[in-house]
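Below is one structure, written out as structure tokens; the observations come after it.
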Amino acid sequence: MTTPSSTSSSTRPRLHELYCQEVSSQLMTDLKLQNCMQLPRLDKIIVSMGLGSAVQEPKLIETSLESLSLICGQRPVVTRARKSIAGFKVRQGMRVGVVATLRRQRMWEFFDRFISIALPRVRDFRGINSRFDGSGNCSVGVQEQLVFPEIPYDRANRSTGLNVTFVTTVDNDAAGQLLLQHLGLPFRTKKGGKNG
């Protein structure tokens, strides 16, 4: 894995540089850490689209693969149903979604575009509700893939939502949220001024 010392600052993505130069020292202070190896880190970002309607529209998988490729900068993989569900007309092994796992430079570049370009384009955006899994990982739902400028309006024949999961190296939600906040993920604040 790339470490701050093995990568010159001129080749680092902007957010990675911010983490190395400012966020890491802030986290050391805020979390009262003694060792830099204990620092929370962003491990990977998983971007996925669940496509239940692909059962009736098989071409939806291909268009979603193309959209997610443009958004992520790498070819996603197709996910398949693990078991049959008669009520949804889903058979085991049927293609039901697409997913891309971003690491290292692509991860930092996607994160930067997500908070700087995509989220400000969300209609009536007031911040992200903190949805953590108990292990320091946060999931964010985006209702329309058109908030990403990589998707041209004339080529998007239908609006498809997607899910973005930020996977961190910590095992508690408070440290995970603090890391993502320092990196610029805008969480919604309650009236008392506390994040939640």
Response to the item:
Subtracting the Cα-Cα distance of Glu150 and Arg103 from 0.36 nm times their residue separation yields 15.0 nm
Worksheet item: Roughly how many nanometres apart are two label points built 7 Å out from the Cα toward the Cβ at Phe187 and Thr79?
Response: 2.4
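Once the piece of chain linking Ile117 and Asn35 is laid out straight, how much longer is it, given 0.36 nm per residue of separation minus the C-alpha distance between them? Mind dumping the intermediate values first?
Working: separation 82, 0.36 × 82 = 29.52 nm, distance 3.44 nm.
That pair, Ile117 and Asn35, stretches by 26.1 nm at full extension.
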Worksheet item: Taking region 94-140 on its own, what percent of its Cα-Cα pair distances exceed 13 Å?
Response: 72
Worksheet item: Residue by residue through region 11-24, which ³J(HN,Hα) values in whole Hz follow from phi under the Karplus form 6.51 cos²θ - 1.76 cosθ + 1.60 (θ = phi - 60°), with glycine and proline marked x?
Response: 9, 6, x, 4, 5, 5, 4, 4, 4, 5, 8, 10, 5, 4
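Each reported figure results from applying straightforward, stated rules to the coordinates on display, with no laboratory input. Please read these numbers as outputs of a predicted model, since none were measured by experiment. In this analysis, Cβ positions are derived from the backbone assuming ideal geometry, glycine residues included, and neighbour counts consider all displayed protein chains.
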